[in-house]
Amino acid sequence: MKPIVPCVLVMAVGCILAAGCVATTNKDTVNPISPTSEPGPDTTVTATSVLNGSLKVSISGITDPVNLSVVLDNQTVGTVNPATPLFLMVSEGNHTVRVCMSSICEQENVTTRFGKYVTVDFSEQLHRDGAIAQPTARILGYYKNGNTISVTMEFINPSAKDVVMTVAVTCGYSYIDDRTSLKMGDSARGMLVQNVKAGQRITESLNLNFAGGGNFNYGYPVIEELMIK
């Protein structure tokens, strides 16, 4: 029976070594972190806002047929001219808007909010800083009164001679026709003539009449034509 003992010892040592190998393998195994696991305490999570506000940039009081670049937060976002304002959807927050004519740039700071309409017009700044030296007219404001839009106009003559200004203003609108109950589209148009002396500013009102109907929806009045003599 003695010769059997070494064999048994060898088998036992072999089993222990085998068990040790298995244990070592399990100890060194690393489980990968799932990409869908919860972020740790040191993880920074960045949330991006998707809310935008509406911004309108205009130079409605400029008579020269120019296209000016519009710069939003140091990035060019489009152009604007006297007849066509630039409409933008801008992320909520504080922004800097600039327009430039030649070497003169005008700047305004605006704050946009979701569901809020912000308008910035650079006509006054351009006139004030001497970017515009020619007689011109612009729209200061407007309001609806029944079937009429009342538009407040300003005529500016920075030149050294008297001039006669003739301005044509239009406003597009839609309405429900009284006879057919159908939705119709049309535009109201009006004309105003003013004698403006050298260095003078004149403010006058112009009424634009809508067609008969109800449920009016209208856009912004714009200067369609300006003639200076």
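Here are the numbers:
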read-out: Residues being surrounded by fewer than 15 Cβ atoms within 10 Å (Cβ to Cβ) and modelled with pLDDT of 85 or more - total across the stretch 157-171; value: 4
read-out: Tally of residues being within 28 Å of GLN134 (Cβ to Cβ) and among the aromatic types (Phe, Trp, Tyr) across the stretch 171-229; value: 1
read-out: Only one of TYR175, TYR218 that is closer than 23 Å to THR119 by Cβ and either assigned by TED's automatic domain parsing to the domain that holds GLY61 or surrounded by 13 or more Cβ atoms within 10 Å (Cβ to Cβ) (or both); value: TYR218
read-out: Search result, residues across the stretch 208-225 that are within 17 Å of MET191 (Cβ to Cβ) and among the aliphatic types (A, V, I, L, M); value: LEU208, VAL222, ILE223
read-out: Pairs where the first residue, in the stretch 195-207, is under 16 Å from VAL164 (Cβ atoms) and the second is of a type in the set (Asp, Glu) and in a strand (DSSP E or B), C-beta under 7 Å, 6+ apart; value: ARG201/GLU154
read-out: Boolean, ALA137 is in the same structural domain as ALA198 (by TED's automatic domain parsing), modelled with pLDDT under 90, of a type in the set (A, V, I, L, M, F, W, C) and assigned to a strand (DSSP E or B); value: yes
read-out: GLU108 modelled with pLDDT of 85 or more, outside any loop (DSSP other than H, G, I, E, B) and among the acidic types (Asp, Glu); value: yes
read-out: Qualifying residue in the stretch 149-159 (condition: among the charged types (D, E, K, R), under 28 Å from the mean Cα position of the chain (by Cα) and in a strand (DSSP E or B)); value: yes
read-out: Selection from the stretch 64-99 of residues that are assigned to a strand (DSSP E or B) and over 14 Å from the mean Cα position of the chain (by Cα); value: LEU68, SER69, VAL99
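Quick grid of which residues meet (1) under 29 Å from the mean Cα position of the chain (by Cα); (2) under 28 Å from THR96 (Cβ atoms); (3) part of a loop (DSSP other than H, G, I, E, B):
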position	(1), (2), (3)
LEU126	yes, yes, no
CYS171	yes, no, no
THR180	no, no, yes
ALA188	yes, no, no
GLU204	no, no, no
LEU208	yes, no, no
ALA211	no, no, yes
ILE223	yes, yes, no
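The values are calculated or read from the model by the stated rules, or taken from the named source; none is laboratory data. As the structure is a prediction and not an experimental result, all values here were calculated from the model. For neighbour counting, all protein chains shown are included, and Cβ atoms are generated from backbone atoms with ideal geometry for every residue, glycine included.
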